[in-house]
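Asker: The structure's right below; bear with me while I get my questions together.
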Ligand SMILES: NC(=O)c1ccc[n+]([C@@H]2O[C@H](COP(=O)([O-])OP(=O)(O)OC[C@H]3O[C@@H](n4cnc5c(N)ncnc54)[C@H](O)[C@@H]3O)[C@@H](O)[C@H]2O)c1
């Protein structure tokens, strides 16, 4: 629905603004963790899913969702691949309503000893790759005069965390990028926003944040725990909905209050 249609009061009824049935949602990095949880939530709500991941496992994730969910194995740092895949998605589904720009990698190194290849890899996936996907998807959204983009940033974009120089740079870069996109594309029917999670409870983080270190980190968060992938999915759904038509260029921390101190 375009911005103008949403100015009509009846378009803001609860049942309408959270109705995703038939909407086409592109999720990058959906083979595991947060992206998979997001794909599952939208699928439950009747959306049509187009999943992108460089892992071949993406096929079984799309298969498990059922319906007409489809997957594309692609590396978001390869601009030609991204353009081809986004073109195929638009041709397959005939529209793209939402992009959840979620694919990303972590990496913890001392600031004075981060290898150039590690720096380049993190920035090229988390920032440049997200730009390539947003740019290609936006071409279709701008043509349609409507669309929602949600970027996956991180609390590392907002607060100083040791060992996070490359990662923080990539995620803070996303916030700058999306503000520019939000003013350029806002007048043309789109919104662009970000989510900044604290540590998310996934299999991967359980290994890194186990034991006493994890206990301490949890205790420092005002609500006393890490965030669940499903809770990130709900934030993504809110920002993708017609309820959020006036939220544009924003960053939504989902961090139990960890970044306000
Ligand atoms: N897990 C956390 O604690 C946490 C906290 C804050 C932000 N985040 C962010 O959330 C997002 C998802 O993280 P996650 O924890 O689910 O991680 P994850 O490793 O479980 O999932 C990331 C997915 O992205 C894919 N991917 C990586 N590089 C890619 C590339 N070049 N092209 C295509 N796909 C690629 C991976 O194959 C993987 O399936 C990331 O952007 C991450 O930075 C995670």
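None of the figures in this text is laboratory data; all of them are computed from the coordinates on show. If you're wondering where the values come from, they're calculated on a predicted model, not measured in any experiment. Backbone-built Cβ (ideal geometry, glycine too); neighbour counts: all protein chains shown.
Asker: Which whole-number percentage describes the relative contact order of the chain, with Cα contacts under 8 Å and a sequence gap of 6 or more?
Answerer: 20 percent
Asker: Hey, another quick one. If a/c stays under 1.5 just call it rounded; otherwise compare a/b with b/c (prolate if a/b is bigger, oblate if not). Do that for region 57-96, with a ≥ b ≥ c from the square roots of the Cα gyration tensor eigenvalues.
Answerer: Oblate shape, in that a/c is at least 1.5 and b/c is the bigger or equal ratio.
Asker: Give the order of 114, 198 when sorted by the count of other beta carbons within 10 angstrom, beginning with the fewest.
Answerer: 114, 198
Asker: I need the peptides 138-148, 166-176 ranked by packing, meaning the mean over residues of other C-beta atoms within 10 angstrom, with the highest value on top.
Answerer: Those peptides, ordered most packed to least, come out 166-176, 138-148.
Asker: Give me 164, 57 sorted ascending by neighbouring Cβ count inside 10 Å, so fewest comes first.
Answerer: 57, 164
Asker: Sticking with this structure for a sec: Counting helices only, and only those DSSP H runs with n ≥ 4, report the 222 nm mean residue ellipticity of the chain as the sum of -39,500 (n - 2.57) divided by its residues, in deg cm²/dmol to the nearest 500.
Answerer: Result for the chain: -13000 deg cm²/dmol, rounded to the nearest 500.
Asker: Gaussian network model of the chain, Cα springs within a sub-10 Å range: biggest mean-square fluctuation belongs to which of 21, 241, 196?
Answerer: Judging by the Gaussian network model, the answer is 21.
Asker: Still on this structure, please answer the following. How big, in percent, is the set of alpha carbon pairs in region 1-145 lying more than 22 Å apart?
Answerer: Here the tail beyond 22 Å accounts for 44 percent of pairs.
Asker: Restricting to Cα pairs below 8 Å that are 6+ residues apart, what does the relative contact order work out to for region 110-261? Please round to a whole percent.
Answerer: With pairs under 8 Å counted, the relative contact order is 27 percent.
Asker: Relative to the longest principal axis of the chain, what angle (0 to 90°, nearest 10) does the C-alpha long axis of helix 79-93 take?
Answerer: So the inclination is approximately 40 degrees.
Asker: Treat each spin label as a single point 7 Å out from the Cα along the C-beta direction, and report the residue 13 to residue 161 distance in nm.
Answerer: In this crude spin-label approximation the distance works out to 4.3 nm.
Asker: When only Cα pairs under 8 Å and 6 or more residues apart are kept, what is the percent relative contact order across region 122-211?
Answerer: It comes to 36 percent, rounded to a whole number.
Asker: Taking the Cα atoms only, what angle lies between the long axis of helix 229-240 and the longest principal axis of the chain, rounded to 10 degrees?
Answerer: 40 degrees
Asker: Determine, for each peptide in 107-113, 199-205, the mean count of other beta carbons within 10 angstrom over its residues, then list the peptides with the highest first.
Answerer: 199-205, 107-113
Asker: Mind pulling the per residue volume of the convex hull built on the Cα atoms of region 62-151? Å³ is fine.
Answerer: Measuring per residue, one finds 113 Å³ for the Cα hull of region 62-151.
Asker: Separate question: Helix 130-144: angle to the longest alpha-carbon principal axis of the chain, degrees 0 to 90, nearest 10?
Answerer: For 130-144 against the chain, the angle is about 10 degrees.
Asker: Multiplying the sequence separation of residue 220 and residue 260 by 0.36 nm and subtracting their Cα-Cα distance, what value in nm do you get?
Answerer: 13.2 nm
Asker: Let me ask another. Multiply the residue gap between residue 207 and residue 180 by 0.36 nm, knock off their C-alpha separation, and tell me the result in nm, one decimal place.
Answerer: 6.1 nm
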